[in-house]
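Scroll down for the structure; my scribbles are underneath it.
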Amino acid sequence: MTKRPLFSLFFSLLSFSASAEVWVEANRPPFHEPRQPQQIHYQPLTQASRPWKLCAVYPHLKDSYWLSVNYGMVRHARQLGVQLKVLEAGGYPNLTHQQVQLQQCRQWQADAIILGAVDRHAYAGQLSQLVADIPVFATINDLDMTDPDQLRQVVGKVGVDWSKMGQAAGEFLAKRHPAGSGIVNIAWLPGPKWRGGTHPVNQGFRQAIEGSDVRIVATLWADNSKELQRNLIQQLFAERQDIDYIVGGAVAAEVAISELRSMDKLKEIGIVSTYLSHGVYRGLLRGRVLFAPTDKMAQQAMLSVDQAVRYLDKRPVERDLATIIEPLTPDHLPAQVISASLSPAEFRPTFRISPTTHSHP
């Protein structure tokens, strides 16, 4: 492979258009388990009928995954001419803070709420109490649609099955180390325990490595902050030296690169991420990260804004959408996939967009 310059990523982002037709999965009927996805061509809107007030609530903006979600929402909101207010809870443990933020969306008189929940069961039986009659659109992180209150309140959702993200990472390792090839030891750092998409990622990964020579010898949980993940990795190597791979969320993978470099172990220990970030992308370009799937988070964010505006405009709505997961390796980094995933280098968190805002991210 002829490797592109590191920051060619950000030039490739110029090809990303929030209004370009994209391939996605539509789950029909919506909210049905097991999912019944159908690949469709999806044509995003180019203009809203009026400057609707959209209130987006994120678990946090501490890593570039959610920064890229922010970018996708901001870009499409500007294109459609709608208002966007963004609130972030500061981390997955902060359920109470996120509940208050939903009430703030209500006080702002939002026309719709786009919710990246800190926990899929967090709002069971009480979502309607927090948001009254405002329609809710789940984004990225799933909500429990078997709960009657959430089923009434949630009009649409956009998000992949996170077990498939974990499964993709597990299958990559299982193919490298099939049964009988020789045991390899994995340190597993999936992220916050039982929050966000961690539980399904954990299930998918563990199922995928069954029957292979991949062994999880250490499982370490913490929120997705670099400080906490660094503490885990330092704790890991203080206790054992028999690790062949560090596998986990993007923040863990990013920290692993710097920690292994400082220990001069980058060539000895492989790094696999369960999702993409800017740091993981750079690691893939340099061959320091071996594998990461992407769920195209900027594209998901665009779809959530589009879904909400279609509903408010009383246009046809696909109520249950997912992007198509793409496996990435140092030898497979399609520019269009990266541009549908990551925010540009110069983009900074944006918390308020009004229809009179003309600058572009």
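The table that follows gives values for the structure above.
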| item | result |
| --- | --- |
| Prolate/oblate/rounded label for the stretch 199-239 (Cα gyration tensor, a/c 1.5) | oblate |
| Relative contact order for the chain, counting Cα pairs under 8 Å that sit 6 or more residues apart, in percent | 24 percent |
| Cα-based helix-to-principal-axis angle, 162-176 vs the chain, degrees rounded to 10 | 20 degrees |
| Relative contact order (percent, whole number), the stretch 105-237, Cα cutoff 8 Å, 6+ residue spacing | 22 percent |
| Heavy-atom accessible area per residue - the stretch 113-163, 1.4 Å, Å² | 30 Å² |
| Order of exposure, largest accessible area first, which applies to L67, L236 with probe 1.4 Å | L67, L236 |
| Rounded to 5, percent antiparallel among DSSP beta bridges of the stretch 13-103 | 50 percent |
| The chain - percent of accessible surface contributed by carbon and sulfur, probe 1.4 Å | 50 percent |
| Per-residue [θ]222 nm for the chain (sum of -39500 (n - 2.57) over DSSP H runs n ≥ 4, rounded to 500) | -10500 deg cm²/dmol |
| In sequence order, calculated HN-Hα J values of the stretch 216-230 (Karplus, 6.51, -1.76, 1.60; Hz; x Gly/Pro) | 7, 9, 8, 10, 10, 10, 5, 4, 7, 10, 4, 4, 5, 5, 5 |
| Projected area averaged over orientations for the chain, convex hull of C-alpha atoms, nm² | 17.5 nm² |
| Charge dipole (debye, nearest 20) of the chain; +1 at Cβ of Lys and Arg, -1 at Cβ of Asp and Glu | 760 debye |
| Cα gyration tensor, the stretch 74-123 - rounded (a/c under 1.5), prolate or oblate | prolate |
| Semi-axes of the equivalent ellipsoid for the stretch 135-200, Cα gyration tensor, largest first, Å | 34, 12, 9 |
| Kirkwood hydrodynamic radius of the stretch 200-303, from inverse mean 1/r over distinct Cα pairs, in Å | 14.4 Å |
| Between 0 and 90°, nearest 10: helix 95-107 axis offset from the chain longest Cα axis | 20 degrees |
| The stretch 50-188: equivalent-ellipsoid semi-axes (sqrt of 5 x gyration tensor eigenvalues, Cα, Å) | 34, 18, 14 |
| Ranked by how many other beta carbons lie within 10 Å on average, peptides 336-343, 208-215 from highest | 336-343, 208-215 |
| Candidate aspartates and glutamates - alpha carbon under 15 Å from K226, same-chain residues fewer than 8 apart omitted | D63, E254, E259 |
| Shape category assigned to the stretch 217-361 from the gyration tensor of Cα positions, a/c cut at 1.5 | prolate |
| Beta bridges by DSSP in the chain, antiparallel share as percent, to the nearest 5 | 30 percent |
| Relative contact order (percent, whole number), the stretch 20-76, Cα cutoff 8 Å, 6+ residue spacing | 25 percent |
| Rounded accessible area per residue of the stretch 277-344, 1.4 Å, Å² | 28 Å² |
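The values are calculated or read from the model by the stated rules, or taken from the named source; none is laboratory data. Owing to the predicted nature of the structure, the values given are computational and were not obtained by experimental measurement. Using ideal geometry, Cβ is built from the backbone for each residue, glycine included, and neighbour counts are taken over all protein chains shown. Keep in mind that these areas ignore ligands, DNA and RNA; they rest on the heavy atoms of the full protein, side chains included. Shrake-Rupley method; radii C 1.70, N 1.55, O 1.52, S 1.80 Å.
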